[in-house]
Amino acid sequence: MPESRPLVGRSEAIAAAVAATQDDRLAAVVIGGPRGVGRTRLARTALAAMTHGAGAGRWRPSTAMTGRATRDVPLGALGPLLPDLDPALTDTASLLREARRLLVDAGPKRLVVVDDAHLLDTTSAVLLAQLARAGEMFLLLTVPTGAVSPEPLHALYRDGLATRLEITELDRAQSDHLVSSTLGGHVDGVTLDRFWELSLGNPRFLCELVDGARDEGALRRAGSVWRWDPPRHPPRRLIELLTDRLGGLAPAEQDLMRTLAFGQPLGCEVVNQIFPDDTLARLEAEGLITSTRDGRRLDVALTHPLYTELLRSRATPLQEREAYRRLRTALEASGSRRAGDRYRLLAWRAAEGLSIDPAELLAAADGVSDHEPRTAERLLHAAADQGAGTEVLWRLGRLRVALGRFDEAETAFATAAKLAEANPDATADATTAGSTGEPLPGPVLVATARARNLYWGLRDEPGARAAVTAALAAVEGTASHTAAGAPPLTVALRGFLALLSHRPADALAEVSPVLDGPDGDPATTAALAVAAIAQVQLGCTEDAVPLAARGLAAGADPTGGWLTVELRSAQWSALLATGRLDDAEELARACHAEAAPSGVGEHVALYVTWLGIVASRRGRLQTAVRLLHEAASGVSSRRFPYTVPLVGELAVALAGLGRTTESQDVLAEAHGVPGGPLTGWVWAAQVWIAGVEGRVTRATELAGEERPAASASDHLRALHTAVRLGVGRPVLEAIERVAASIQGPFAVACVAHARALAAGDGAGLDEAAGRFAELDHLLLSAEAYAQACSAHRAAGHTGAAGWSASRSRVAASSCEGAETPAQKLLERTGELTPREAEIAALAAGGLTSKAIADQLVISVRTVNNVLHAVYAKLGIARRGDLPEALGLRSG
């Protein structure tokens with residue numbers, strides 16, 4: 001590991017090692033830990049800390065070189081420290097006496113680092129132990145976990161003359177920090193997940209993964225984020241390292257590791273049916289396998305998933321089948337007494353190529369799905385491989401969705417859809433199927449799950465529409481879809497197709513007849529999800545909340561979890577748009593607490609995104625930036641369903657903190673990312689950034705655009721952003737029209753704000769600011785009070801202006817350093833008109849009068865006349881004084 005990398009998570013161990021050298025009772029420090037955790041790096045760093053600063057001049061540092069080649073050579077490890085040793089000396093006593101004379105001389109006491117001290121030759125170990133006991137030398141030893149130190153050195157520890165520092169692998173946060181520090185920037189969350197899965201915090205493996213993937217070009221920066229593009233396999237240099245590590249093993253040891261790669265964890269009684277105890281002991285001593293207690297049973301597994309991945313990838317098909325045969329035979333011979341043994345036997349028999357009744361595999365999957373979903377997934381996969389039909393594939397897809405494996409879920413759903421669509425008359429839309437004697441799931445039920453996975457899991461909106469269209473075409477005219485009316489699930493799927501086509505009113509009309517269906521029916525749940533989302537997009541947010549709550553309470557989700565996500569998203573979005581920030585935050589926290597243990601990064605990131613957006617709306621911009629960066633680091637921007645809202649809100653928060661360059665870079669992440677009805681989230685960000693940069697005319701133009709895919713709430717927010725920038729009358733009519741279709745107190749407050757600003761009504765602006773404060777939108781409140789202060793000043797109401805300014809500053813004190821255009825009205829720029837402020841800001845940014853005139857479509861003379869008026873109001877003499885006078889800062 002290059003020394004330039006940060007030494008993460010080792011500060012306490014270094015401090016303990018340094019402290020040990022100052023303890024007169026100690027003669028040595030032993031640094032233990034698994035291979036690859038950085039024992040050598042830690043020892044060298046501790047040595048540097050001991051011999052510099054306060055320790056300078058006290059110690060004479062030295063290093064002993066150990067290795068298998070010197071293990072049988074007397075004093076072989078200490079050769080570099082004894083260049084003048086007489087080569088004619090052969091007896092041990094003479095060697096020890098002469099070596100001691102050469103090592104102990106005038107000058108500072110020796111501080112000797114011995115890396116891999118378990119490989120010391122006996123003579124060196126005796127000499128070092130003698131010198132340490134005599135106080136003539138201090139030892140800093142590293143020993144891998146499981147290795148046995150030479151007896152003379154072990155005796156130091158046993159006699160209390162040495163202290164042992166045991167270091168372990170990095171935890172997840174430390175691992176992510178090491179990767180980010182090495183790459184020098186934000187790292188995609190999926191990439192961090194893969195690094196963690198492969199390294200499990202082993203620093204050496206982690207650094208080899210990062211360096212190898214970067215050298216091969218698979219790990220590269222995309223915009224402002226580092227990503228490891230699929231396929232994310234271990235890089236060549238790491239494979240070579242692992243191959244060298246395993247290449248020195250005996251054939252029986254390699255065989256045991258390959259068997260574990262396909263069957264771990266294995267009970268010791270199963271392993272002993274195939275391999276002798278001494279083989280297990282040798283591999284455990286080498287740190288290649290580990291044993292753990294499970295009740296009264298002892299389980300054995302490979303130490304690192306990298307070994308598993310390498311061994312499985314390099315096994316031939318015959319070796320793989322033989323491994324499963326031996327595993328099955330051994331488990332049968334040992335009695336298979338564990339509760340899960342029956343399920344493992346079935347999975348191994350299937351992998352071995354033996355024929356098994358798919359119904360038996362299906363029943364086994366039912367028995368284990370709640371507590372061992374991955375075993376259930378293997379059983380369903382085995383049934384699918386043996387030609388099982390639509391039911392197994394549909395259930396396999398749902399289980400993979402629950403496990404966060406969305407690509408593999410689509411593979412299962414796509415095959416199930418082909419089977420169901422090929423013979424729709426033989427299927428019906430039931431949630432239970434074949435194994436219980438009921439009809440198989442039909443095209444509509446499969447499409448209900450598949451389309452959601454395509455839309456939410458893979459961000460493939462065209463694919464989702466195609467899946468729904470194909471399913472509906474397959475059932476048209478079948479016995480269950482007659483002129484008398486389509487089944488409720490078909491109706492719900494038609495409603496979802498209308499949503500995918502950005503027709504929320506049609507979607508709501510489609511599903512309304514089936515909303516009163518029985519709770520617990522998947523068709524009712526699917527219809528409620530469509531209706532709740534449609535109501536949010538139409539602005540009927542207060543109507544959406546009870547619909548979503550009813551769907552969540554019903555609990556019937558045939559999609560593997562996507563309907564639940566839809567219902568929660570509709571409920572949260574409705575609460576946010578209505579202005580109920582406390583309720584929106586409470587829902588986000590509850591969902592996050594539920595999702596965190598599952599380990600599905602997309603779900604965790606979704607709820608962290610919600611928390612960040614709520615923080616931004618409260619005006620807590622620093623908190624919002626932290627949370628939204630955290631969410632972004634956990635997912636791929638192209639696959640995360642909330643990428644567009646995330647980057648849109650993050651851009652708004654960054655611009656509100658004055659970080660406009662970074663805000664523009666973040667917003668660029670949304671380019672090319674499919675957002676569907678969520679695309680409106682970047683609209684307000686575009687308006688806001690233009691206004692913060694002083695381009696108020698452009699911001700007004702953006703706010704007035706027609707964007708059919710955007711929701712009513714998105715339209716309102718874009719228009720209200722222009723009001724925040726000081727634009728009143730040009731957007732008033734539009735904001736009144738849009739707000740009329742939106743439920744809740746937030747829309748009412750936005751209209752009151754726009755009307756008061758357009759009229760220059762200071763008292764009305766104070767009232768609007770109070771409305772925002774009641775909703776806990778503190779930054780909006782601070783801005784409206786600042787605008788009220790300016791209006792009062794213009795009317796000559798000095799007292800009222802002072803009161804409004806005071807209220808603005810109080811509200812802004814909770815906004816974590818926000819710097820927005822409206823807040824600058826409290827400073828000397830409060831006397832400028834909006835046109836004067838815009839021209840002054842453009843001039844302060846370096847534009848010439850002609851460039852300003854061309855941008856605003858006015859004459860150069862007008863620009864210069866306005867600037868002269870600005871200079872007079874601000875009390876400055878020239879253009880160069882504008883940035884300081886306006887309180888602007890670069891970037």
Table column - 3J(HN,Hα) (Hz), region 353-363, Karplus curve with 6.51, -1.76, 1.60, x for Gly and Pro: x, 7, 7, 9, 4, x, 4, 5, 4, 5, 5
Rounded to 10°, Cα long-axis angle of helix 541-554 versus longest principal axis of the chain: 40 degrees
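Note the direction-averaged projected area, equal to a quarter of the hull surface, for the Cα convex hull of the chain, in nm². It would help to have the intermediate numbers written out before the result.
Details: hull surface 189.9 nm².
One quarter of the hull surface, i.e. the mean projection, equals 47.5 nm².
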Region 778-788 - phi-based ³J(HN,Hα) in whole Hz, Karplus 6.51/-1.76/1.60, Gly and Pro as x: 6, 5, 4, 5, 4, 5, 5, 5, 5, 5, 5
Distance between region 327-401 and region 744-759 - C-alpha centres, whole angstrom: 61 Å
Spatially proximal aspartates and glutamates relative to Lys824 (Cα-Cα < 14 Å; intrachain offsets below 8 disregarded): Glu693, Glu783, Glu836, Glu838, Glu884
Debye log10 I(q)/I(0) for region 11-166, one point scatterer per Cα, at q = 0.09, 0.21 Å⁻¹: -0.26, -1.47
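Count the net charge of all other residues whose Cβ sits under 9 Å from the Cβ of Ala464, scoring Lys and Arg as +1 and Asp and Glu as -1.
On the way: positive: Arg450, Arg452, Arg465; negative: Asp460, Glu461.
With Lys, Arg at +1 and Asp, Glu at -1, the neighbours total +1.
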Cα-based helix-to-principal-axis angle, 305-314 vs the chain, degrees rounded to 10: 80 degrees
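What's the exposure ranking of Tyr157, Tyr324, going from fewest to most Cβ atoms within 10 Å? Intermediate results must be reported in sequence, preceding the final value.
Details: Tyr157 16, Tyr324 20.
Ranked by crowding around the Cβ, least crowded first: Tyr157, Tyr324.
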Ranked packing of 522-529, 243-250, most packed first, by mean Cβ within 10 Å: 522-529, 243-250
Length-normalised contact order for the chain - Cα pairs under 8 Å, 6+ apart - percent: 6 percent
Calculated diffusion of region 315-356, Stokes-Einstein form, Kirkwood radius summed over Cα pairs, 20 °C and 1.002 mPa s, µm²/s: 206 µm²/s
Cβ-based exposure ranking for Tyr785, Tyr871, Tyr455, in which fewest neighbours within 10 Å come first: Tyr871, Tyr455, Tyr785
Expected 222 nm ellipticity per residue - DSSP helices of 4 or more, -39500 (n - 2.57), all of the chain, to 500: -18500 deg cm²/dmol
Cα-based helix-to-principal-axis angle, 461-475 vs the chain, degrees rounded to 10: 80 degrees
√(5λ) per eigenvalue of the Cα gyration tensor, region 172-242, largest first, Å: 17, 14, 10
Hz values of 3J(HN,Hα) by residue in region 852-857 - Karplus curve (6.51, -1.76, 1.60), Gly and Pro given as x: 5, 4, 5, 5, 9, 6
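Let me check against my output: what whole-number percent is the relative contact order of region 835-886, with C-alpha pairs under 8 Å and at least 6 apart? It would help to have the intermediate numbers written out before the result.
On the way: 39 pairs, mean separation 21.7, N = 52.
Reported relative contact order: 42 percent.
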Set of aspartates and glutamates with alpha-carbon distance to Lys109 below 15 Å, sequence-local pairs under 8 removed: Asp23, Asp24, Glu136
With at most 16 other Cβ atoms within 10 Å, longest stretch of the chain clear of loop GluC sites (Glu not before Pro) (DSSP): 217-475
Cut-off under 5 Å, modelled amide H: who pairs with Gly267 long-range: Val300
Percent RCO, i.e. relative contact order, over region 239-321, from Cα pairs under 8 Å lying at least 6 residues apart: 35 percent
Amide hydrogen neighbours beyond the local backbone of Val113, cut-off 5 Å, H modeled: Ser62, Thr63, Ala64, Leu140
Rg/Rh for region 473-565, where both radii come from Cα atoms and Rh is the Kirkwood radius: 0.97
Exposure proxy ranking, count of Cβ atoms within 10 Å, fewest first, for Thr490, Thr862, Thr290: Thr862, Thr290, Thr490
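Only the coordinates and a few stated rules stand behind these numbers; no lab work does. What you are looking at is a predicted structure, and each value in this text was computed from that prediction instead of being measured. Using ideal geometry, Cβ is built from the backbone for each residue, glycine included, and neighbour counts are taken over all protein chains shown.
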